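Below is one structure, written out as structure tokens; the observations come after it.
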Amino acid sequence: MAQTPGGLSDQPLALSGAVAYNEGAVVSRTLVNQAGGTLTVFAFDAGQELSEHTAPFDAVVQVLEGEVTVTLAGQPRRVTAGEVLLMPAQVPHALKAVTPFKMLLTMIRAAKE
């Protein structure tokens, strides 16, 4: 059975069960970390946040449970379970959990030309 260091394998994995909520905290588990990108599952307790920052790569947020406000370039967007949102490279962004929420973050590393 093929498996990554984070535990992703050729067997099904329930993403929402890959991390547990922790009161007053943000918990993460990296499932894939390769040259082409990463897959990381996060669990945020209500009110927890990531302060504004930029990333060198495009990132896709897929909300698995709950609700989050993602602020992109100063503009807030409410994202709920079942929705996805692109956070473009080099665009300032921040996240704040409206409710406890879980997400899959996919970082897409661009190939050098």
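Read-outs: derived from the displayed coordinates by stated rules, not from any lab. Just so it is clear, the structure is predicted and the values come from calculations on it, not from any experiment. Neighbour counts are summed over all protein chains in view; Cβ atoms, including those assigned to glycine, are modelled from backbone coordinates with ideal geometry.
Our coupling estimate for segment 79-87, obtained by passing each phi through the Karplus curve with A = 6.51, B = -1.76, C = 1.60 and θ = phi - 60°, is 10, 10, 3, x, 9, 10, 8, 8, 10 Hz, Gly and Pro reported as x. Annotation: extensible slack from residue 54 through residue 78 equals 6.7 nm (criterion: 0.36 nm per residue apart, minus Cα-Cα distance). For residue 21, the amide hydrogen comes within under 5 Å of no other amide hydrogen, counting only partners 5 or more places away or on other chains and with H modelled in the peptide plane. Output the relative contact order of segment 7-73, whole-number percent, from Cα pairs under 8 angstrom with separation of 6+ residues. In percent, rounded to a whole number, it is 27. For segment 43-59, backbone phi angles converted through the Karplus equation (6.51, -1.76, 1.60; θ = phi - 60°) give residue-by-residue couplings of 10, 10, 6, 3, x, 6, 8, 10, 5, 4, 7, 10, 10, x, 10, 4, 9 Hz, Gly and Pro being listed as x.
Can you compute the FRET efficiency between residue 110 and residue 46 using 1/(1 + (r/R0)^6), with r the Cβ-Cβ distance and R0 = 35 Å? Round to the nearest 0.05. Write down the numbers at each step before the final one.
On the way: r = 34 Å, r/R0 = 0.97.
Calculated transfer efficiency: 0.55.
When peptides 65-71, 49-55 are sorted by average Cβ neighbour count within 10 Å, with the highest value leading, the order is 65-71, 49-55. Taking only the C-alpha atoms of the chain, the Rg (one decimal) and the largest Cα-Cα distance, Dmax (whole number), read 14.1, 45 Å. Distances between placed amide hydrogens fall under 5 Å for residue 87 paired with 59, 60, 61, all partners being 5 or more residues away or on another chain.
Hey, what did segment 31-104 get for relative contact order, percent, Cα under 8 Å, at least 6 apart? Let's see the in-between values first.
Numbers: 177 pairs, mean separation 31.8, N = 74.
The normalised contact order for segment 31-104 reaches 43 percent.
For the peptides 95-104, 19-28, residues were scored by their other Cβ atoms within 10 Å and the scores averaged per peptide; the highest-first order is 95-104, 19-28.
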